[in-house]
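*Asks:* Below you will find the structure I want to go over with you.
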Amino acid sequence: KIETASKGEIFFPTSMAFLGPNDILVLEKNTGQVKRILNGTVIPEPLLDVNAANKNERGLLGIAVSPKISINNINNITKKDIDSKSSNTTYVFLYYTQSKEKDGTDVTNGTGPYGNRIYTYDLVNDKLVNPKLILELPISPIAIHNGGKIKIGPDNNLYLVIGDIDSGSKTENLKEGKDPDGSSGILRVTLDGKAVNPIFGEGRYLEKYFAYGIRNSFGIDFDPVTGNLWDTENGPQFGDEINLVEPGFNSGWRKVQGVWHYSDGAIGRKFYAMNALTNFSGKGKYSSPEFSWNNTIGVTDLTFLNSKKIGYNFENDIFVGDFGNGYLYHFDLNKDRTGLDLNGSLIDKVANSDLEIR
């Protein structure tokens, strides 16, 4: 059954993170405020209020919480820094489009934002303090496909997803496009924003890519059993996806989306035009989605339920939400947890109708 966890004034929430069982941080997209819900009550005073650009899909978008930072993952931390921090300090990471002025000036007077940025903060006495910019990402004038979901992986590195922002980068499988600019992919960095074991090569942004060819996404999470990364991806008017994201994964955008062709060279439900894709000297590998929807549903977040709280049948399974219908979807994984356990009319990995969606 559904129970109300909290009532109070929260406007346009985008993401949330748990500090404890009854202690939640919630982001407001347009106000740039981080709200705290403690034992079901929204604390009136925000923990933080940043200047958020909020035109279209810009805003305060993603949050991740770390109870501690591994010294091995911090390249420029000093002994003084370590000594100055309490052993029980909580670190909060925020992804947002930073306005040059107050909230929404990109809408009210057209002032361009600084960019999509990730900051880390210390949580001290109900405030987020000591901001540190760890990663700066691009934006585009049309203010779409900023992604924004961030997660700390089992390797204690930070993973983030950003859409194509209409940038025309080679990471959108445009062979004549711009060099990789930090868009259209899942990036992996240390907790202070440095590259981790580059997959595709060296370069300011290229070395940070874990996966590419992603149109836009609002959901990434790690399988608690295998540690594998999964994501959701938003199609244009078709082909929303669920993907298993292995290192070097190419999701295919803009050449293919879902299991349908987006341009000439794809036949039926199998994509054949591999020579149309950017593969970074063979280091990138295209993989078809593990599931897709015929008509776009506005797929949102994805999470694994690492709990038996609602029954053993749901433990470590995938749950996915959508914006278009307000539905929550449940998926079992196959035996080796590299795909979804589908049967009946979904054996083709596609929801072709409203009946199959339900």
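The values are calculated or read from the model by the stated rules, or taken from the named source; none is laboratory data. Remember, it's a predicted structure, so these values are computed and weren't measured experimentally. We place every Cβ from the backbone using ideal geometry, glycine too, and count neighbours over all the protein chains shown. Side chains are part of the model used for accessible areas, which takes the heavy atoms of the whole protein and leaves out ligands, DNA and RNA. Shrake-Rupley method; radii C 1.70, N 1.55, O 1.52, S 1.80 Å.
*Asks:* Given (1) touching a residue at least 60 places away in the same chain (Cβ under 8 Å); (2) buried (at least 20 other Cβ atoms within 10 Å of the Cβ); (3) in contact with a helix residue (DSSP H, G or I) (Cβ under 6 Å, 6 or more places away or on another chain), where does Val189 come up short, assuming only one miss?
*Replies:* (1)
*Asks:* Can you name the residue in the stretch 249-300 that is at pLDDT 95 or above and over 28 Å from Lys149 (Cβ atoms) and, of all such residues, is most open to solvent (accessible area, probe 1.4 Å)?
*Replies:* Taking the candidates together, the pick is Ser281.
*Asks:* Right, something else. Cβ-Cβ below 8 Å, separation at least six or inter-chain, first residue in the stretch 141-154 and closer than 16 Å to Phe304 by Cβ and polar (S, T, N, Q), second at pLDDT below 95 and in a strand (DSSP E or B): which pairs?
*Replies:* none
*Asks:* Enumerate the pairs (first residue in the stretch 117-135 and within 17 Å of Ala52 (Cα to Cα); second residue anywhere and among the hydrophobic types (A, V, I, L, M, F, W, C) and open to solvent by 30 Å² or more (accessible area, probe 1.4 Å)) with beta-carbon separation below 7 Å, excluding pairs fewer than 6 apart on the same chain, so at least 6 apart or on different chains.
*Replies:* As it stands, the answer is Arg117/Leu133; Tyr119/Leu133; Tyr121/Val129, since those pairs meet every condition given.
*Asks:* Return the pairs, sorted by first residue and then second, in which the second residue is open to solvent by less than 80 Å² (accessible area, probe 1.4 Å), the first residue lies in the stretch 1-26 and is on the phi > 0 side of the Ramachandran plot, the beta carbons are less than 6 Å apart, and the residues are 6+ apart or on different chains.
*Replies:* Gly8/Val42; Phe12/Glu28; Phe12/Lys29; Phe12/Asn30
*Asks:* Identify the residue in the stretch 1-30 that is within 23 Å of Arg117 (Cβ to Cβ) and open to solvent by less than 40 Å² (accessible area, probe 1.4 Å) and, among all such residues, is nearest to the chain's Cα centre (by Cα).
*Replies:* Residue satisfying both the conditions and the ranking: Ser15.
*Asks:* What single numbered condition from (1) within 20 Å of Tyr327 (Cβ to Cβ); (2) in contact (Cβ under 8 Å) with a residue 40 or more places away in the chain; (3) surrounded by fewer than 19 Cβ atoms within 10 Å (Cβ to Cβ) fails to hold for Leu305?
*Replies:* (2)
*Asks:* Inspect all residues belonging to the stretch 328-348 and state whether any of them is in contact with a Ser or Thr (Cβ under 8 Å, 6 or more places away or on another chain), more than 19 Å from Leu229 (Cβ to Cβ) and open to solvent by 20 Å² or more (accessible area, probe 1.4 Å).
*Replies:* No, because not a single residue in the stretch 328-348 is in contact with a Ser or Thr (Cβ under 8 Å, 6 or more places away or on another chain), more than 19 Å from Leu229 (Cβ to Cβ) and open to solvent by 20 Å² or more (accessible area, probe 1.4 Å).
*Asks:* So, of the residues in the stretch 172-201 that are of a type in the set (Asp, Glu) and under 20 Å from Leu277 (Cα atoms), which turns out to be modelled with the lowest pLDDT?
*Replies:* Glu176
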